[in-house]
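The values are calculated or read from the model by the stated rules, or taken from the named source; none is laboratory data. Here the structure is a predicted model, which means the values were calculated and not measured. Cβ: placed from backbone, ideal geometry, glycine included. Neighbour counts: every protein chain shown.
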Amino acid sequence: MPICDRYGRSVEEKWQEWWEKSGTYNFSESDASKPVYSIDTPPPFTSGELHMGHVLSYSYFDFVARYKRMRGYNVYYPQGWDCQGFPTEVKVESKYGRKPPKEFRQLCAKWTEEFIAKMRAQMKALGFSADWRYEYRTMDPSYHKKVQLSILEMHKKGLIYRSEHPVYWCTNCVSALAKTDTEDVSRETELHYVSFSLGGKPLLIATTRPELMHACVAVAYNPSDERYAKLGETKVETAFGKQVPLIPDSDVDKEFGTGVVMVCTFGDKQDIIWMYKHKLPVIRAIDEHGRLINTGEMGLDGLKCGEARAKILERLKAEGKLVKSAKIQQVVKVHDRCKKPVEFLLSMQWFAKITEKSEEIIDYAKKIKWTPSFGIQYLIDWARYVEWDWVISRQRVFGTPLPFWIDQKTGKAYPAEESELPFNPDLRPTKIGPDGQILHAESSTCDCWVDSSITPLVIGRWPEDKAFLSRVYPASLRPQGVEIVRTWAFYTIYRCSQLTSQAPFKEILLNGNVLAPDGKKMSKSLGNIISPDKLLTDYSADAIRQWAALSGAMAKDRPFSYQDMQYSKSFINKVVNAAKLVEKACADFDGSEAPRFSLRMVDRWILSRLSGIVSKATESFEGFQFHQAIKIVQDFFWHEFCDFYLEYAKHRIYQPEIYGHESKRAAQYAMRRVLLECCQLLAPITPHLSEEIWQSFRPGQSIHLSSWPESKSHEADPEAEEQVEFLNWVVSQARQHKADRKQPLNSEISHASISAPFPISDIEEEIHATARIKVINYALGSKSVSFA
RNA sequence: GGGCCCGUAGUGGAAUGGUUAACACGUCGCUCUCACACAGCGAAGAUUCGCGGUUCGAUCCCGCGCGGGCCCACCA
């Protein structure tokens, strides 16, 4: 099969079909002879399209998978899909409107399947070598079952509990949120100075949320604040005449406002901290829709916060208790999906204990090898900062049902039986409890991180297939984005270690984000999004993959670079053309012969260089330094093999009758070997290109199942490197000489005086034939050359 | 406020305690030489952010400063 004339998508598609048909990337469950390398790949959220971040990240671990396969590992590389999530609900609702839960879930699932199909096609088009027989989807009943089982296990261990607790709450979406569902927005607001009363004298407090005053349960000051430290009073009367304790607390900022703060339940996080610290009573200030409740005599129940605030300010003003109002900049948390401010609400939710496990989680994280090593710091910082347990329940529809039965009369929860899994309230909304009472299926669903934090176990067929599990778990590698260390990595380490007493993976490889070419984040609003599909058409998958490899240091954001793409495309073109030369040159050569010919100095040189390149590239792959690996091979291939070696070989190939048939064989042997071994070194990164060339020499055998090249130390040849470096220099000088005189490169130089610190008899032929120098005057001495 | 990362030719970016600091894109010449003009050959372009320190020697190690970026926390 001759090498393609022009490399492009049709070549790539040809090989993608061939690989699929041949089962090239199949994991073997029965083969015990090879060590297993298992990859806990990230299941992308099923948004319908891969973005460049996916492309970068998925390329990275595809490089690893392919490299390990060639290193003789039995690579287990499943690919899953993270299906359930708020964005899907939003999209489906906007398309179909509100529907009953059961029907809505079905619509979400159908929608998601379409998206998966699109994304899977993109992954295949990019040449990712997943074994699709092991595909999983978090929305499948079988996946639900494992999630629910893991929840029940953790419940048995006392790690999961149901409790009334303040949670981040979106009054717009009417659901509990995790902290990671929120983001910060800076805005301008008014700070109001309100007069409270302390033993008959006014005490000024400052607040941005006077509408919560009815939930004020204390007033706090900093004990080191001289203005208030010696007050001696313990009770304060609020502007509405309620007696509350006056408490000292060092968290109070002396500089802000008046240095005195009213503590409410629950204006913000600090209020909750104080509430717990000082064991303050709880007054529910607002309901789940963001309307005031429990305002008592104030009569403001049912009003939205904004309306209530206006009314209260009016009232305070009338009573002369509003001293002043000032504009300030404020950072508020908003729900990342709907951008509405987040409230704290006391709510019955399910929790997983993490605060008391944080050090244990860190210990497990330390058993994992992090690349880059500083990545673990993100997890440690996060784990040590965790203040509350993880709210694992969401008031959502398209999600994994929490496997519990609730007695609505007593509020008691009963875990589902294992035989009831997958637990599905659609199929069985109620049952009779142990005491004959009616139990209702819990209607909350799991936070999607609950689903994704057991991927290493799910792909390991936990818990039923212990033999399989022990082969692939802990996973050899967890690749993921650096921005989800505190979620995906953190929760996975936590959950899996609690369930198995083992860290879930041996190594973790972190990647950064792809920025737009201008260095900004890619976003729809900026219109700077780059679509992988477009790049695929314009440049090819292997060019995109080279861009990913070139994108450099790990866990660092990188602007997208069209220059790298262009260079990658040119490199592919170069390789194809060089391969065509070698293919033609080796038409009469059986490559399997041993190198029994007498190699010329230039052959020894290129093989010596090759052995160095193989060892450097191998080292780079071992350390996940793909930019280094690709660069080393590219530079060698282009600037040593193509620019010099192939030029040195041409006269021997084309004119064996002059230069000798043995010499031709030696050149054929060397060029073929360098070409094929370079293709192998490139195979993890440019799998299609490498396969195209490899199979033109070895039809029917995939390069991806070939053994990684060995660095042959006996071929290291300092003498050849020294002499040929000199030769290269002489040739460059000759080229420069011709360029200066505007002569074509194939013009002849009649005479050259050359001196070298060694005899040049072994490279003289190349000086004649490649530099086209007719007569050489040689003298032993320091390096020099002149032409006449 | 805390943690982390970074500052190298016009641009993007490697590498290194020690001779002229890669490579690519871009620029400027020359060449369509039988693999390749998606090319070849050549040229120009860098006080490796600043200041100190360690060292025989620093772009690299340390400190400070200046300037970017990411994550986290955050004041009622």
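Remarks
- Once segment A:461-482 is narrowed to residues that are touching a residue at least 60 places away in the same chain (Cβ under 8 Å) and not in a strand (DSSP E or B), the residue that is nearest to A:Trp390 (Cα to Cα) is A:Val482.
- Segment A:598-661 holds helices (runs of 4 or more DSSP H) entirely within its bounds, and those carrying 1 or more residues that are within 38 Å of the chain's Cα centre (by Cα) and either within 30 Å of A:Leu477 (Cα to Cα) or modelled with pLDDT of 90 or more (or both) map to A:601-622, A:626-635.
- Enumeration of residues in segment A:398-420 that are of a type in the set (A, V, I, L, M, F, W, C) and surrounded by fewer than 19 Cβ atoms within 10 Å (Cβ to Cβ): A:Ala413
- Residue list for segment A:681-706, filter: closer than 23 Å to A:Gln628 by Cβ and surrounded by fewer than 21 Cβ atoms within 10 Å (Cβ to Cβ): A:Ser706
- Every condition in (1) more than 10 Å from RNA strand B (Cβ to nearest atom); (2) under 32 Å from the mean Cα position of the chain (by Cα) holds for A:Lys574 except the one numbered (1).
- Residue under evaluation A:Val485, criteria (1) within 25 Å of the chain's Cα centre (by Cα); (2) without any contact (Cβ under 8 Å) to a residue 60 or more places away in the chain, criterion not met: (2)
- Elements of type helices (runs of 4 or more DSSP H) in segment A:275-392, at least 1 residues being surrounded by 14 or more Cβ atoms within 10 Å (Cβ to Cβ), touching a residue at least 24 places away in the same chain (Cβ under 8 Å) and over 37 Å from the mean Cα position of the chain (by Cα): A:305-318
- When segment A:176-209 is limited to residues that are of a type in the set (Gly, Ala, Ser) and either in contact with a helix residue (DSSP H, G or I) (Cβ under 7 Å, 6 or more places away or on another chain) or not in a strand (DSSP E or B) (or both), the one that is nearest to RNA strand B (Cβ to nearest atom) turns out to be A:Ala178.
- Checking A:Asp518 against (1) assigned to a helix (DSSP H, G or I); (2) over 16 Å from the mean Cα position of the chain (by Cα); (3) within 14 Å of RNA strand B (Cβ to nearest atom), the condition it does not meet: (1)
This table checks each residue for (1) within 49 Å of the chain's Cα centre (by Cα); (2) part of a loop (DSSP other than H, G, I, E, B); (3) among the β-branched types (Val, Ile, Thr).
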{"residue": "A:Glu211", "(1), (2), (3)": "yes, no, no"}
{"residue": "A:Pro223", "(1), (2), (3)": "yes, yes, no"}
{"residue": "A:Gly241", "(1), (2), (3)": "no, yes, no"}
{"residue": "A:Ser250", "(1), (2), (3)": "yes, yes, no"}
{"residue": "A:Asp253", "(1), (2), (3)": "yes, yes, no"}
{"residue": "A:Gly257", "(1), (2), (3)": "yes, yes, no"}
{"residue": "A:Gly267", "(1), (2), (3)": "yes, yes, no"}
{"residue": "A:Gln270", "(1), (2), (3)": "yes, no, no"}
{"residue": "A:Ile273", "(1), (2), (3)": "yes, no, yes"}
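- Among the residues of segment A:28-86, the ones that are over 29 Å from A:Leu177 (Cβ atoms) and among the hydrophobic types (A, V, I, L, M, F, W, C) come to 10 in all.
- Each residue in segment A:657-671 was checked for being at negative phi, away from RNA strand B (no atom under 14 Å from the Cβ) and free of Cβ contacts under 8 Å to residues at least 12 places away in the same chain, and 2 pass.
- Failed condition for A:Ala416, given (1) within 27 Å of the chain's Cα centre (by Cα); (2) within 16 Å of A:Tyr161 (Cα to Cα); (3) of a type in the set (A, V, I, L, M, F, W, C): (1)
- Any hit, segment A:113-124, residues being crowded, with 19+ Cβ neighbours inside 10 Å, outside any loop (DSSP other than H, G, I, E, B), more than 26 Å from the chain's Cα centre (by Cα) and touching a residue at least 24 places away in the same chain (Cβ under 8 Å): no
- Subset of segment A:556-582 (residues that are in a strand (DSSP E or B) and aliphatic (A, V, I, L, M)): none
- Selection of segment A:407-448 for residues being in a strand (DSSP E or B) and closer than 25 Å to A:Asp181 by Cβ yields A:Ala413, A:Ala441, A:Thr445, A:Cys446.
- Members of segment A:497-528 found to be surrounded by fewer than 15 Cβ atoms within 10 Å (Cβ to Cβ), more than 26 Å from A:Ile354 (Cβ to Cβ) and in contact with a helix residue (DSSP H, G or I) (Cβ under 8 Å, 6 or more places away or on another chain), listed by number: A:Pro517
- Residue check for A:Ala489: assigned to a helix (DSSP H, G or I), within 16 Å of RNA strand B (Cβ to nearest atom) and within 18 Å of A:Ser38 (Cα to Cα): yes
- Once segment A:636-655 is narrowed to residues that are aromatic (Phe, Trp, Tyr) and more than 7 Å from RNA strand B (Cβ to nearest atom), the residue that is farthest from A:Val724 (Cα to Cα) is A:Phe637.
- So A:Tyr364, is it away from RNA strand B (no atom under 16 Å from the Cβ), touching a strand residue (DSSP E or B) at 6+ places or on another chain (Cβ under 8 Å), aromatic (Phe, Trp, Tyr) and at pLDDT 90 or above: no
- Here A:Val261 passes the criteria (1) within 13 Å of RNA strand B (Cβ to nearest atom); (2) assigned to a loop (DSSP other than H, G, I, E, B); (3) crowded, with 16+ Cβ neighbours inside 10 Å except the one numbered (2).
- Listed by first and then second residue, the pairs linking a residue in segment A:37-56 that is without any contact (Cβ under 8 Å) to a residue 40 or more places away in the chain to a residue that is hydroxyl-bearing (Ser, Thr, Tyr), with Cβ atoms under 7 Å apart and 6 or more places separating them unless they lie on different chains, form an empty list.
- Residues in segment A:125-139 that are crowded, with 18+ Cβ neighbours inside 10 Å and over 21 Å from the mean Cα position of the chain (by Cα): A:Met139 only.
- Selection status of A:Thr238, touching a Cys at 6+ places or on another chain (Cβ under 8 Å) and either aliphatic (A, V, I, L, M) or surrounded by 19 or more Cβ atoms within 10 Å (Cβ to Cβ) (or both): yes
- Positions within segment A:523-571 being farther than 23 Å from A:Ala121 by Cα and within 7 Å of RNA strand B (Cβ to nearest atom), in sequence order: A:Gly552, A:Ala553, A:Lys556, A:Asp557, A:Arg558, A:Pro559, A:Ser561, A:Gln563, A:Asp564, A:Gln566, A:Tyr567, A:Ser570
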